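Single-structure report; data block below.
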Amino acid sequence: MSSSPEMTQFFGHLHPLLVHLPIGLIVLLAVLEWLARYPRFKNANASSRFILALAVPLALSTALCGWLLSLGGSYGDRLLQWHKWTGIATAAACALAGLFYRLDLKRLYRLCLFSTMIVLVFASHFGGSLTHGSDYLVRYAPKSLLALFGHGPTEKNVKSIPEMQAFADVIQPLLRQQCVACHGPEKSESELRLDSLAGLLKGGKSGPVLVAGKPAESTLLKRLRLPLHEKEHMPPEGKPQPAPDQISLVQWWIDAGAPTDKKIALLKPPARILRTLQARYGDPAAIAKKVTPRPLMEVQPLLGKIADDLNIAITSLSPNEPWLQCNASIAGTNFGDAELARLQPLAANLRWLDLAGTKVSDAGLAQIAAMPNLVRLHLERTSISDTGLVRLASLADL
């Protein structure tokens with residue numbers, strides 16, 4: 001649908017401002033009528049005439065502004081039609097209730113008023129779905145209620161991180177959570193759809209919002225990183241905002257070429273991205289917890305024996321602290337996965353580990369992942385692969 005004149009949209013944008021006023025007044029009228037049924041509150045509805053005098057014109061004005069707003073073409077047709085006609089029905093029923101009240105047909109007035117309440121509930125639901133997404137009310141509902149509302153339970157990620165699809169399993173859910181309510185099939189602000197890669201590449205009125213391989217030229221990322229008070233910041237102020245690590249995931253994905261069908265393992269994410277993925281999608285039980293190192297005096301007797309047996313160097317980083325550094329690179333290819341396993345008694349104390357030029361492989365990374373306090377690690381000139389590095393994502397200090 002073509003864009004409506006600016007004046008039409010000016011009045012249309014008054015709809016969100018006005019809509020809560022008649023809702024509150026209609027609910028108030030219903031509550032007062034319900035209370036008036038009890039002798040103790042028999043005069044509760046004494047102000048109904050005055051309240052109706054406000055509610056009827058406000059309801060009609062709100063419906064008119066909503067209709068003008070719908071002409072902008074930024075909303076999906078199905079939900080829009082449901083909201084538009086239930087909204088018009090609400091305004092008409094409210095006006096009819098006012099007419100019955102004026103004619104002193106109180107029974108018909110009450111019947112019409114409570115019918116208005118029922119239609120109002122549906123109109124409000126459809127309006128909220130247009131603004132916040134169709135699953136807004138049940139997004140965080142208990143799993144036992146999701147099926148009742150027609151939403152299947154959210155399945156826990158059962159894929160390992162390397163096997164996850166970068167777009168389908170990481171980026172698309174993020175966009176669905178943060179962006180699709182305003183840029184999806186039911187509402188497309190600025191004619192922009194973010195519910196598919198095709199929509200991302202097509203862009204909106206201002207052109208493409210994503211340039212594959214070029215994060216600095218991608219409007220999507222620029223707008224996410226703008227200060228919250230900036231007019232062009234997305235999502236708008238007052239809406240739920242993505243966390244910094246989520247924005248980093250978007251940047252990494254764009255920088256990797258914005259692929260739709262590649263697994264994370266094939267994209268070779270850097271260590272910081274792996275840590276973010278592990279924190280968000282990994283098994284919480286597998287994330288290494290802070291482990292207190294053993295006292296230096298307790299591990300000191302082991303240092304010499306292990307170092308001599310493996311022909312490596314193990315020394316203390318400080319005479320007053322329990323932290324150790326291990327240089328296995330001096331053993332070269334004589335040091336492999338089996339030798340790495342011999343360091344297990346010192347795992348909680350190791351802070352620096354140099355495995356450059358050794359025969360350590362991906363299989364040995366399970367031993368390194370069990371060194372929770374590791375800060376510095378050298379793996380150059382080894383057969384360690386990017387896929388294997390995913391195992392180290394749980395090392396928060398590395």
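The values are calculated or read from the model by the stated rules, or taken from the named source; none is laboratory data. All of these numbers come straight from a predicted model, not from anything done at the bench. Please note: Cβ atoms are built from the backbone with ideal geometry, for glycine as well, and neighbour counts cover all protein chains shown. We work out accessible area using only protein heavy atoms, side chains counted, and drop any ligands, DNA or RNA first. Shrake-Rupley method; radii C 1.70, N 1.55, O 1.52, S 1.80 Å.
Key figures
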item	result
Residue list for segment 295-339, filter: surrounded by fewer than 16 Cβ atoms within 10 Å (Cβ to Cβ) and polar (S, T, N, Q)	Gln300, Asn311, Thr315, Ser318, Asn320, Thr333, Asn334
Among residues of segment 80-105, those that are of a type in the set (D, E, K, R) and modelled with pLDDT under 90, counted	1
Subset of segment 357-398 [in a loop (DSSP other than H, G, I, E, B), surrounded by 17 or more Cβ atoms within 10 Å (Cβ to Cβ) and among the hydrophobic types (A, V, I, L, M, F, W, C)]	Val360, Ala370, Met371, Leu374, Leu379, Ile384, Leu395, Leu398
Test: residue in segment 172-182 that is assigned to a loop (DSSP other than H, G, I, E, B) and not hydrophobic (A, V, I, L, M, F, W, C)	no
Qualifying residue in segment 139-154 (condition: open to solvent by less than 50 Å² (accessible area, probe 1.4 Å), assigned to a loop (DSSP other than H, G, I, E, B) and at pLDDT below 80)	yes
Residue that is nearest to Ala93 (Cα to Cα), among those in segment 7-38 that are assigned to a helix (DSSP H, G or I), modelled with pLDDT of 90 or more and not aliphatic (A, V, I, L, M)	Pro22
Total residues in segment 340-356, condition under 21 Å from Ser385 (Cβ atoms), open to solvent by 10 Å² or more (accessible area, probe 1.4 Å) and either assigned to a helix (DSSP H, G or I) or modelled with pLDDT under 90 (or both)	1
Any hit, segment 223-238, residues being at pLDDT 85 or above, open to solvent by less than 80 Å² (accessible area, probe 1.4 Å) and in contact with a strand residue (DSSP E or B) (Cβ under 7 Å, 6 or more places away or on another chain)	no
Some residue of segment 293-316 being of a type in the set (Ser, Thr, Tyr) and in a loop (DSSP other than H, G, I, E, B)	no
Candidate set: segment 335-382, residues that are touching a strand residue (DSSP E or B) at 6+ places or on another chain (Cβ under 9 Å) and of a type in the set (Val, Ile, Thr); chosen: the one nearest to Thr315 (Cα to Cα)	Val375
The one condition in (1) of a type in the set (Gly, Ala, Ser); (2) touching an Asp or Glu at 6+ places or on another chain (Cβ under 7 Å); (3) surrounded by fewer than 16 Cβ atoms within 10 Å (Cβ to Cβ); (4) within 20 Å of Pro242 (Cβ to Cβ) that Ala168 fails to fulfil	(2)
Segment 333-370: number of residues that are under 40 Å from the mean Cα position of the chain (by Cα) and not acidic (Asp, Glu)	23
Hey, Glu321 in a loop (DSSP other than H, G, I, E, B), of a type in the set (Asp, Glu) and modelled with pLDDT under 90 or not	yes
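Every residue, every condition in (1) open to solvent by less than 70 Å² (accessible area, probe 1.4 Å); (2) among the aromatic types (Phe, Trp, Tyr); (3) more than 40 Å from the chain's Cα centre (by Cα), yes or no:
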site	(1), (2), (3)
Leu79	yes, no, no
Thr86	yes, no, no
Cys94	yes, no, no
Tyr109	yes, yes, yes
Ala123	yes, no, no
Phe126	yes, yes, no
